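The values are calculated or read from the model by the stated rules, or taken from the named source; none is laboratory data. Keep in mind the model is a prediction, meaning the values are calculated, not measured. All Cβ positions, even for glycine, are placed from backbone atoms using ideal geometry, and neighbour counts span all protein chains on display.
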Amino acid sequence: LTIWQGMEAQRYVSGIINEVMQGENNHWQMRYHLTIVPPLWRCGLRQNFRIFQQQDIQTLSSTLLNENGVTEWTPVFYESHPAREFCVQYGESDLAFLTRLWSEEGIFYFDWHAPQGAAQKLVLCDDVAGVSTLGEMPFNPDTDTEVSTMCISSFRYRARTGPSSVETQDYTFKTPGWPGYYNRAAENLNGQRTQYEIFDYPGRFKDETHGEAFARYQMEGWRHDTETATCISNSPELCPGKRFTLTGHPSEALNREWQVVSCVLAGDQPQALHGSGGQGTTLDNHFEAIPADRTWRVPPQPKPSVDGPQSAIVTGPAGEEIFCDEHGRVRVRFHWDRYCPGNEDSSCWVRVSQAWAGAGFGNLAIPRVGQEVIVDFLNGDPDQPIIMGRTYHQDNRSPGSLPGTKTQMTIRSKTYKGDGFNELRFEDATGKEELYMHAQKDMTTEVLHDRTTTVNNNHTETVVVGQTVNVGTKKEGGHDQKITVANDQKITVQNNQTLNVNNDRKKDVGNNQDSKVVGDDTEAVEKSQNITVGKDYTLTVTNSLTIKVGECVLKMNKDGTILLNGVKCQRRVKSDPLTSPPTV
């Protein structure tokens, strides 16, 4: 569409025809109504659920604009726009999603049209410095006398009260002590009161760079219409993306530079209609402008809220069973995610709620690849998922065999890349109550002080290989072991038994003692041995008995022979001592 003045083209407007309507027919002419929209309009026709990771606003915008056929566009950025770790398009159209993000990042947009020809492109800009200037534009309210000179015929200045400050706050678990407060006071209050504060939580930021910028962008967005001018001009060049300097206005304060933020061109060419000759062509440009000493920004846009928890599947690299980071976070694939294949790049790192979480203590169970988890969202924010629980499904069945094992409560793990498991099971069936523990390999129990075990009935302990019991590491301090058996004790050793006592050993038998040795019995006493028998002492030897003391030997055989061999022999009787011993 070309707008002419005389034989000179004043402006070219190009776009996409998205609607054609056939109007009335008076037998002479047919009216048609055409709607022309910019290429960005296409983005409003597609709605999606989609995840973007580690992308800045320019990269993310490029993806969606190119997918919608908006290939002619350019970013004009003066501000820093760091990458976002995790950003979700949640049931929004591409246009709503982009405009929401552009609002958060302080970005406004307009269509640039070439001075000559049909060239057009979308411009993304974050500062008024990126808006081109048209120079001076005179104010002339008397357009009846002069219609050929481009001017502004109506200029209505309006000031209104708006928010005076913005304070935002957010939280990140990586630095829980971080206050996360950022405040921005408004400029150009023009005498307005300062108590009109906007407090925003959560502020949609996780770092200082985004926090400071977002507070400023919000403040400027909330006050985008506190000083405006509603104007009428015959110049078609006054459009968004342009600045001009007003001259000739009776109010000298208004003779300054202004930025056009919106416009509506209304043209009428009645002589083109049958029977309407004699009337001239008119064009009016109704536009809005703000002072050009500030950047126009979009007010904060609403963000979709997730209605409730969702289920997702834990993902990881091929062949991996447990995939987490240093915070115990895992990656998941949401059922609505059509773009992720379900691997180590699914979603973002998602925090996992545990039954108990303290500083170096608590409960820890990492969801494993393939498990179904229940995901909720902090403050309903789709950009802040958190795993609140897990659930079984057809491919991941529970331990046991339900409903037959419904009386059991089980904690069972699974060997990493194996078929084994560790298990703690509680059986609560009436009359069959049981606590069961299973260790797939080793089991270590550490008790720093006392341990008491009471078994009111039988106790059976089986050690297939070896057993070592150590009581204390030194003699001092009472590192003793005591064993008390109320009735009988039976010890069976299938092979050898060795008993080492490094100090004294005492044995006290309250009644009889029987000792049976099938083979030989050898007892060695390196020092003295004393045997005291309160009553009788009987020694029965089937074959022979030999007593040897130094050079003296006494031997008694089973045939009754007694042999005594020594150097000399003395016999002493208390009532009749021998004066001289006999010689043997």
### Query
From Asp376, Asp428, which residue is outside the structural domain of Val88 (by TED's automatic domain parsing) and under 33 Å from the mean Cα position of the chain (by Cα)?
Asp376
#### Entry: Evaluation of Gln218 against (1) under 15 Å from Arg294 (Cβ atoms); (2) of a type outside the set (Val, Ile, Thr); (3) over 31 Å from the mean Cα position of the chain (by Cα); (4) buried (at least 19 other Cβ atoms within 10 Å of the Cβ) (one fails), failing number
(3)
### Task
Kindly check whether there is at least one residue in region 180-190 that is assigned to a loop (DSSP other than H, G, I, E, B), modelled with pLDDT under 90, under 36 Å from the mean Cα position of the chain (by Cα) and within 25 Å of Val76 (Cα to Cα).
yes
## Note on the structure
Going through (1) β-branched (Val, Ile, Thr); (2) in a strand (DSSP E or B); (3) surrounded by 18 or more Cβ atoms within 10 Å (Cβ to Cβ) one by one, Val70 fails only at (2)
### Query
Does region 207-226 contain at least one residue that is among the hydrophobic types (A, V, I, L, M, F, W, C) and either in a strand (DSSP E or B) or free of Cβ contacts under 8 Å to residues at least 40 places away in the same chain (or both)?
no
### Query
Only one of Pro115, Pro176 is more than 48 Å from the chain's Cα centre (by Cα), surrounded by fewer than 19 Cβ atoms within 10 Å (Cβ to Cβ) and of a type outside the set (Gly, Ala, Ser); which?
Pro115
### Query
Considering only strands (runs of 3 or more DSSP E) fully contained in region 95-152, which possess at least 2 residues that are over 14 Å from Pro75 (Cβ atoms)?
108-113, 132-138
### Residue among Phe155, Phe108 that is over 36 Å from the mean Cα position of the chain (by Cα) and surrounded by 18 or more Cβ atoms within 10 Å (Cβ to Cβ)
Phe155
#### Entry: Of residues in region 421-437 being of a type outside the set (Phe, Trp, Tyr) and surrounded by 13 or more Cβ atoms within 10 Å (Cβ to Cβ), the one farthest from Glu321 (Cα to Cα)
Glu427
### Summary
When Glu136 is run through (1) closer than 30 Å to Glu212 by Cα; (2) touching a residue at least 60 places away in the same chain (Cβ under 8 Å), the failure sits at (1)
### Query
Identify, please: which residue in region 282-305 is of a type in the set (S, T, N, Q) and touching a Ser or Thr at 6+ places or on another chain (Cβ under 9 Å) and is, among those, farthest from Phe377 (Cα to Cα)?
Asn285
### Task
Go through (1) surrounded by fewer than 17 Cβ atoms within 10 Å (Cβ to Cβ); (2) more than 47 Å from the chain's Cα centre (by Cα) one by one and return the number of the condition Ser262 breaks.
(2)
### Query
Before we move on, is Asp419 closer than 24 Å to Gly370 by Cα, of a type in the set (Asp, Glu) and assigned to a loop (DSSP other than H, G, I, E, B)?
yes
### Message
Being in contact with a helix residue (DSSP H, G or I) (Cβ under 6 Å, 6 or more places away or on another chain), surrounded by 15 or more Cβ atoms within 10 Å (Cβ to Cβ) and outside any helix (DSSP H, G or I) is the requirement here; does Val88 meet it?
### Response
no
### Message
Which numbered condition in (1) touching a His at 6+ places or on another chain (Cβ under 6 Å); (2) assigned to a strand (DSSP E or B) is the only one that Trp296 fails?
### Response
(2)
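Each row is one residue, and each column tells you yes or no for (1) assigned to a helix (DSSP H, G or I); (2) more than 24 Å from Gln269 (Cα to Cα); (3) of a type in the set (Val, Ile, Thr).
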site	(1), (2), (3)
Ala9	no, no, no
Thr35	no, no, yes
Arg50	no, yes, no
Tyr78	no, yes, no
### Query
Here are some residues: Arg31, Arg42, Arg46, Arg11. Which one is free of Cβ contacts under 8 Å to residues at least 24 places away in the same chain and either more than 26 Å from Arg100 (Cα to Cα) or within 46 Å of the chain's Cα centre (by Cα) (or both)?
Arg31
### Task
Look through region 386-408, keep the residues that are among the hydroxyl-bearing types (Ser, Thr, Tyr) and in a loop (DSSP other than H, G, I, E, B), and return whichever of them is surrounded by the fewest Cβ atoms within 10 Å (Cβ to Cβ).
Ser401
### Message
Quick check on my filter: what residues within region 192-230 are modelled with pLDDT of 90 or more, under 17 Å from Trp102 (Cβ atoms) and of a type in the set (Phe, Trp, Tyr)?
### Response
Phe214, Tyr217, Trp222
### Task
Specify the residue that is surrounded by the most Cβ atoms within 10 Å (Cβ to Cβ); the eligible residues are those in region 332-371 that are without any contact (Cβ under 8 Å) to a residue 24 or more places away in the chain and within 19 Å of Asp395 (Cβ to Cβ).
Arg333
### Message
Just to be sure before I move on: is Thr444 polar (S, T, N, Q), loosely packed, with under 10 Cβ neighbours inside 10 Å and assigned to a loop (DSSP other than H, G, I, E, B) in the structure I sent?
### Response
yes
### Task
Just name the residue that is surrounded by the most Cβ atoms within 10 Å (Cβ to Cβ) out of those in region 287-331 that are of a type in the set (A, V, I, L, M, F, W, C) and closer than 30 Å to Arg243 by Cβ.
Ala289
### Task
Those residues that are assigned to a loop (DSSP other than H, G, I, E, B) and surrounded by 10 or more Cβ atoms within 10 Å (Cβ to Cβ), I need them from region 549-567; list them, please.
Lys558, Gly566
